[in-house]
Amino acid sequence: MQQALKNKPTQFEKLCIDTQKEQQELLDVPVINQAMQGNISRDTYIAFLTQAYHHVKHTVPLLMYTGSRISHQDEWLRSAMAEYIEEEIGHEKWILNDIKAAGGNPTEVSQSEPAFATEMMVAYAYDSISRKDPLTFLGMVHVLEGTSVALATKAANTIKDSLSLPNNAFTYLYSHGDLDQDHQKFFQDLINRMTDSQVDIVIHSAIRFYQLYANIFKSLS
């Protein structure tokens, strides 16, 4: 019995295991492989940053909306959303600064419309919080942060070298890369405190967000 409990995966491990197929499908998107090899153009990098701006600017509003819909029986989760808000405020401005440093036009980007794939991911985030459960937002967090931790630093280094861009064109990627271990540990601890039914909600949501996020990368080409 004790051995069985010892071998049982944590809630976070279960989340990763149950979404492994969708994660791999995202990682197999051609433009991601090209980025990891430093084989993308400046325009494609700016296009990525543009779509990142259009979904990242919704992160704090989505966190606030999530926190407002969490039940009073789960105040610890509402407190976690408040901590996330403190961490995430202003990140969309970092992206605009990166766009400028990469030779793009941040004003034009801020006034542009998102790609259809980006708009659909953001729309699903708001809709699922309202229609299904506020914890669905954590599926989006898992997809975006997990992908960033796995890929961002290496992608930033290879793109920077291939395009001869300055460090300040990669603030967003470096800040969300593999050095952001404290943030990832916070998320893991959060998931590990959840009940099975709560984690099932996050898993279902993460599967959807992996597909939606993959569509954004596919739209870049």
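For Lys57, the lysines whose Cα comes closer than 20 Å to its Cα, not counting residues fewer than 8 places off in the same chain, are Lys93, Lys100. Of the two radii for the chain, the radius of gyration is 0.98 times the Kirkwood radius, both from the alpha carbons; that is the Rg over Rh value. Note on the stretch 19-68 and the stretch 142-221: Cα centroid distance 8 Å, given to the nearest whole angstrom.
Helix screen, the chain: DSSP H segments with Cα axial length of 24 Å or more and mean Kyte-Doolittle hydropathy at least 0.0 are 136-163, 196-220.
Between Asp161 and Gln37, the simple spin-label model (points 7 angstrom out along Cα→Cβ) gives 1.5 nm. Candidate cross-link partners of Lys218 among the aspartates and glutamates, defined by an alpha-carbon separation under 16 Å and a same-chain spacing of 8 or more, comprise Glu22, Glu25, Asp28, Asp43, Glu119.
Here, each number is a calculation from the coordinates, and none is a lab measurement. For clarity, every value in this text was computed on a predicted model and none was experimentally measured. Note that we place each Cβ from the backbone using ideal geometry, even for glycine, and neighbour counts take in every protein chain shown.
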